[in-house]
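*Asks:* Input: one structure, supplied below.
The values are calculated or read from the model by the stated rules, or taken from the named source; none is laboratory data. As the structure is a computational prediction, the values presented were derived from the model and not from experiment. When we count neighbours, we look across all protein chains shown, and the Cβ atoms used for this are built from the backbone with ideal geometry, even at glycine. Ligands, DNA and RNA are excluded from the accessible area calculation, which covers all protein heavy atoms including side chains. Shrake-Rupley method; radii C 1.70, N 1.55, O 1.52, S 1.80 Å.
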Amino acid sequence: MTSRRRGQRMPDDEFRRVIDAAKDRHNLSDIIGRRTKLKPSGGREMVGLCPIHTERTPSFYVIDDKGFYHCFGCGAHGDHMTFLTKVDGLSFRQAFEALTGDTFPIVSEAERAQRKREAESETRRRIVAGRSVWHGAVPAAGTLAETYLRSRGITMPVPNTVRFGRLDYFDQETGEVIATDVAAAICALQNAAGDVVGVQRIYLSADGRRKFDVPKPKLSLGIIVGSAFRPGGHALGSGTTAVICEGPEDGLTLAQEQSHSVLVACGTSLMPRVELPAWIASVIVAGDNNAPGRTAVKNTEEALTVLGIATRATFPKEGFKDWNDQLRDIRA
Ligand SMILES: [Zn+2]
């Protein structure tokens, strides 16, 4: 467990406003583009090789209208100031001066307003796409979605946040449809306020007892960053402790084994980004027993600590890769 660092005051509102205004003058991609070549990646993201860790396939994303970067390889995450201080090695003051000066290309007010409108319409489009899958699905009880959960050792009643549907399976990169009418367990992704803003689809085999036989049988749709699948049902409990984990099967396992609200990030790198309702004061971060799992737990604990939330890490028992394997007594 870590605690908030002493002697480092949180910035007050005015300070925050000044920094935000300085950041707003520049595209983050202009600043990062000096260190690594970035290219557009479907919509509002730019992608390139990570300038922080060594890699051969790009996993470093820059989202200009949100003003942050994120590396799915090493977990590096931050904004203009973080990049200038941590990667370029500037002091906080130098970084601030660089942003208020004319070192980097300056983005006009009109361009920023236009970009904001585009980002808002893209967000709406994503939510509508996710909700249309959710509203087109049926309750999971008695369907292949329930068959799948039972085959994974889930014995509790199927929560109202899981539904069943038959959907196309497609290549996420190219959009090419690979199979039609595939059975899928559909998990609702909710934001902190409880609105359904997306889905994670777990595509299933014809008998529902396994996942669909493709390298990526789970696909998310809608607002993925910040939202979470709630395996205990739509409403969170009133307790002030929550559990955050990575995958739906682990989340369902944890939800039936203990009494805290469980939030499933649906992606290792998304664990630090889950947005919590205001009443949550402490979080148990439940990781997988492997290197990516441990990195995700560390990154999540760091992100929550900054927000003043107490954290504790927990892992499955030695010899089990994840919580659901432990439930089913399947050793790694
Ligand atoms: Zn990286």
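This table checks each residue for (1) open to solvent by less than 10 Å² (accessible area, probe 1.4 Å); (2) out of contact with any helix residue (DSSP H, G or I) (no Cβ under 7 Å at 6 or more places or on another chain); (3) small (G, A, S).
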{"position": "Y169", "(1), (2), (3)": "no, yes, no"}
{"position": "T174", "(1), (2), (3)": "no, yes, no"}
{"position": "D181", "(1), (2), (3)": "no, yes, no"}
{"position": "A185", "(1), (2), (3)": "yes, no, yes"}
{"position": "A193", "(1), (2), (3)": "no, yes, yes"}
{"position": "G198", "(1), (2), (3)": "yes, no, yes"}
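*Asks:* Assess whether V128 counts as being under 27 Å from G226 (Cβ atoms) and surrounded by 15 or more Cβ atoms within 10 Å (Cβ to Cβ).
*Replies:* Considered against the rule, which asks whether it is under 27 Å from G226 (Cβ atoms) and surrounded by 15 or more Cβ atoms within 10 Å (Cβ to Cβ), V128 comes out as no.
*Asks:* List the strands (runs of 3 or more DSSP E) inside the range 33-72, counting only whole elements, that have at least 1 residues being in contact (Cβ under 8 Å) with a residue 60 or more places away in the chain and crowded, with 19+ Cβ neighbours inside 10 Å. Break it down stepwise before answering.
*Replies:* Details: elements: 45-48, 60-63, 68-71.
Here the list reads 68-71.
*Asks:* Does the range 83-90 contain at least one residue that is within 14 Å of the ligand (Cβ to nearest atom) and open to solvent by 20 Å² or more (accessible area, probe 1.4 Å)?
*Replies:* Step one: list which residues in the range 83-90 are within 14 Å of the ligand (Cβ to nearest atom), which gives 83, 86-87.
Now drop any that are not open to solvent by 20 Å² or more (accessible area, probe 1.4 Å), which leaves 86-87.
Yes: one or more hits.
*Asks:* Something else about it: On the given criteria, is H77 open to solvent by 70 Å² or more (accessible area, probe 1.4 Å) and within 16 Å of the ligand (Cβ to nearest atom)? Reasoning before the result, please.
*Replies:* On the way: open to solvent by 70 Å² or more (accessible area, probe 1.4 Å): yes; within 16 Å of the ligand (Cβ to nearest atom): yes.
When the stated conditions are applied, H77 passes them.
Yes/no matrix, rows are residues, columns are (1) in contact with a strand residue (DSSP E or B) (Cβ under 8 Å, 6 or more places away or on another chain); (2) assigned to a strand (DSSP E or B):
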position	(1), (2)
F104	no, no
Q114	no, no
E146	yes, no
G153	no, no
R166	yes, yes
Q172	yes, no
A183	yes, yes
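*Asks:* Follow-up question, since we're still on this one. Residues that are farther than 21 Å from G73 by Cβ and outside the structural domain of V158 (by TED's automatic domain parsing), at least 3 per element: which strands (runs of 3 or more DSSP E) completely within the range 211-288 meet that?
*Replies:* Qualifying strands (runs of 3 or more DSSP E): 241-245, 261-264, 282-286.
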